[in-house]
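Below you'll find the structure, written out as structure tokens, and then a few comments.
What follows is calculated from the coordinates using simple rules that are stated; it is not laboratory data. All figures in this text were calculated on a predicted structure; none of them were measured in a lab. Positions of Cβ are backbone-derived with ideal geometry, glycine not excepted, and every protein chain shown enters the neighbour counts.
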Amino acid sequence: MLPILARIGPVTVYTHDVFTLLGLLVGMGLYYRALRRDHLLEPRIGIISIAALLGGAIGAHLLTSWEVLGAVQAAGMPITAVLTDGPKSILGGFAGGYAAIVLAKRALGYTLSTGDYYAAALPLGLAIGRIGCFLSELPLGTPTTLPWGMTVSSEAAAAFAHCPGCSGPMHPSMLYEIGFNLGAFALISWKGTLLPVRGDTVKAFLLAYAIFRFGVEFVRGNEVQWLGLTGPQLVLIPLAALLAWHFVRQLATRAYELPAPRLARAADG
């Protein structure tokens with residue numbers, strides 16, 4: 001485990017933060033490259049991107065703030081500490097970033113859907129960010145007897161106040177996510193736009209990720225919150241339902257059916 005990447009004088013460089021920032025930079029780079037390729041890069045995109053980053057950062061903290069609110073108050077720290085020192089959630093980051101994008105677009109009068117330009121950037125950025133999680137977070141997952149279960153040293157486990165399962169092999173749940181996201185990135189990079197309706201390729205990825213993440217949570221090692229489900233699973237259920245309902249409506253309205261060629265229609269007539 002490598003929670004601290006480096007110490008530069010009084011500054012501590014945390015592995016998780018470095019890979020999170022690297023994932024953001026790589027993802028934004030791919031996004032801007034795709035927009036530039038289609039001659040869509042303009043000043044308003046920069047403003048919307050800044051709003052997305054701020055909204056994502058706030059959402060990532062807010063979604064998990066209730067988990068540490070009691071501990072923050074007991075320690076005599078200000079409530080705002082949950083936004084600076086509390087845990088972060090990628091699901092909250094998605095929700096906050098999306099809300100910020102919608103609000104920024106409305107404020108700027110920007111009506112073009114650019115969601116599909118994120119389609120390859122999101123999985124690659126997530127994969128890079130999860131490398132930081134793998135290197136710096138414990139437990140890796142729930143205990144397992146599978147041959148690819150991973151163990152950590154007692155010294156590494158001792159650095160964490162709560163590390164269930166660290167005494168034996170654990171599911172490398174972060175590696176599962178890295179593999180899924182790299183596979184999604186490869187597919188989208190190879191095929192390009194997977195669906196003919198603008199914006200639906202990125203929605204398809206988000207739905208697939210939500211379903212995959214829901215399953216991974218069973219071996220992730222997060223604490224059960226309600227009905228045998230973890231906090232992320234409880235959040236994923238309504239998010240996945242909304243995305244699934246979108247595709248049900250698209251199929252019901254035959255949105256993905258391409259019109260017949262004009263010559264074929266003429267021959268039928």
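Contact map, the stretch 140-156: first residue without any contact (Cβ under 8 Å) to a residue 60 or more places away in the chain, second residue in a loop (DSSP other than H, G, I, E, B), Cβ cut-off under 6 Å, separation 6 or more or different chains; pairs are Pro143/Gly165; Pro143/Gly168; Gly149/Pro169; Met150/Leu140; Met150/Pro172; Thr151/Pro169. Taken over the stretch 102-127, the residue count meeting the criterion of being under 18 Å from the mean Cα position of the chain (by Cα) and of a type in the set (S, T, N, Q) is 1.
Flag set for Thr193, criterion: assigned to a loop (DSSP other than H, G, I, E, B) and either closer than 30 Å to Leu112 by Cα or within 18 Å of the chain's Cα centre (by Cα) (or both).
Among the candidates Ala204, Ala186, Ala208, which residue alone is assigned to a helix (DSSP H, G or I), free of Cβ contacts under 8 Å to residues at least 40 places away in the same chain and either among the polar types (S, T, N, Q) or under 25 Å from Ala95 (Cβ atoms) (or both)?
On inspection, the qualifying residue turns out to be Ala208.
Ser173 falls short of the stated requirement of being small (Gly, Ala, Ser), touching a helix residue (DSSP H, G or I) at 6+ places or on another chain (Cβ under 9 Å) and over 30 Å from Tyr98 (Cα atoms).
So in the stretch 203-229, with the set limited to residues that are small (Gly, Ala, Ser) and more than 25 Å from Tyr98 (Cα to Cα), which one is surrounded by the most Cβ atoms within 10 Å (Cβ to Cβ)? Step by step, filter the stretch 203-229, then rank; the result is Gly221.
Does the stretch 3-41 hold any residues that are over 30 Å from Thr193 (Cβ atoms) and exposed (fewer than 13 other Cβ atoms within 10 Å of the Cβ), and which are they? Can you show your working first?
Step one: of the stretch 3-41, the residues over 30 Å from Thr193 (Cβ atoms) are 3-18.
Ala6, Arg7, Ile8, Gly9, Pro10, Val11, Thr12, Val13, listed by residue number.
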